[in-house]
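Asker: One structure, pasted below without further comment.
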Amino acid sequence: MLGTLVDIPLFQGFSERQINLLTPLFQTYSCPEDTAIFEQGNKADYLYMILHGTVEVRYKPYDGPPIVLTRLKAGDVVGWSAVIGSPVYTSGARSTSPVEALRIRGRDLEWLCREHPNTGSTILDRLAQVVSLRWKNARAQVKTMLREGVGTYKLSGS
């Protein structure tokens with residue numbers, strides 16, 4: 001897996017020592033299409049980095065059917081509940097194609113940040129960049145949906 005980490009943009013620029021430190025913390029994960037990677041309410045153990053494939057993040061409100069919050073692809077990260085201290089996943093993730101990913105336990109990432117703060121901080125900064133791009137795109141999608149929804153309402157209400 002050493003070769004795998006070096007090939008992932010998130011880890012580019014790390015020294016061999018840092019890669020050797022990180023390698024045992026990450027596991028490979030794969031699943032076929034239409035597999036629950038984790039369910040909303042499951043114990044939040046892992047953060048996943050998608051290498052290949054696509055994933056839907058779904059949220060089930062208590063009073064309605066599940067809704068798709070976002071669709072993720074290679075380079076995206078899912079399972080933030082494992083990192084931010086939530087005991088359970090606040091949404092679910094399901095593969096929409098065969099998926100290959102790397103995953104790290106939230107507690108291992110916490111250990112890395114505590115014991116090797118420079119490497120841990122760099123990993124967290126890079127992960128935050130991945131998510132901030134996703135939220136920027138999500139914000140644009142929500143604006144479009146609202147704009148289209150308002151347009152539909154005006155047309156049907158006139």
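Asker: Of everything in segment 71-90 that's farther than 21 Å from Ser30 by Cβ and modelled with pLDDT of 90 or more, which residue is surrounded by the fewest Cβ atoms within 10 Å (Cβ to Cβ)?
Answerer: Among those that are farther than 21 Å from Ser30 by Cβ and modelled with pLDDT of 90 or more, it is Pro87.
Asker: In segment 11-62, which residue that is under 18 Å from Ser95 (Cβ atoms) and basic (Lys, Arg) is modelled with the lowest pLDDT?
Answerer: Filtering segment 11-62 for residues that are under 18 Å from Ser95 (Cβ atoms) and basic (Lys, Arg), the one modelled with the lowest pLDDT comes out as Lys60.
Asker: Now, a different point. Can you list the strands (runs of 3 or more DSSP E) lying wholly within segment 1-106 that have 2 or more residues being within 24 Å of Pro117 (Cβ to Cβ)?
Answerer: On the way: elements: 26-31, 36-38, 46-52, 55-59, 67-72, 92-95, 99-105.
In segment 1-106, 26-31, 46-52, 99-105 are the strands (runs of 3 or more DSSP E) which contain 2 or more residues that are within 24 Å of Pro117 (Cβ to Cβ).
Asker: Further question: Pairs under 8 Å by beta carbon, first residue at positive phi in segment 75-90, partner exposed (fewer than 13 other Cβ atoms within 10 Å of the Cβ) and modelled with pLDDT under 85, six or more apart or different chains?
Answerer: From segment 75-90, the pairs are Gly75/Pro9.
Asker: With the structure loaded, tell me whether Thr119 is hydroxyl-bearing (Ser, Thr, Tyr) and at pLDDT below 85 or whether it fails that test.
Answerer: no
Asker: Output yes when any residue across segment 127-143 is of a type in the set (Lys, Arg), surrounded by 15 or more Cβ atoms within 10 Å (Cβ to Cβ) and modelled with pLDDT under 90, and no when none is.
Answerer: Going through segment 127-143, the residues of a type in the set (Lys, Arg) turn out to be 134, 136, 139, 143.
This time we only want the ones that are surrounded by 15 or more Cβ atoms within 10 Å (Cβ to Cβ), so: 134.
Filter again for modelled with pLDDT under 90, leaving 134.
For segment 127-143, residues of a type in the set (Lys, Arg), surrounded by 15 or more Cβ atoms within 10 Å (Cβ to Cβ) and modelled with pLDDT under 90: present.
Asker: When you scan segment 91-123, how many residues do you find that are surrounded by 13 or more Cβ atoms within 10 Å (Cβ to Cβ), farther than 25 Å from Ile67 by Cβ and hydroxyl-bearing (Ser, Thr, Tyr)?
Answerer: The qualifying residues number 2.
Asker: Taking the residues in segment 23-69 that are surrounded by 18 or more Cβ atoms within 10 Å (Cβ to Cβ) and aromatic (Phe, Trp, Tyr) as candidates, determine which candidate is farthest from the chain's Cα centre (by Cα).
Answerer: The residue in question is Phe26.
The values are calculated or read from the model by the stated rules, or taken from the named source; none is laboratory data. Because the structure is a prediction, the values reported are computed rather than measured. When we count neighbours, we look across all protein chains shown, and the Cβ atoms used for this are built from the backbone with ideal geometry, even at glycine.
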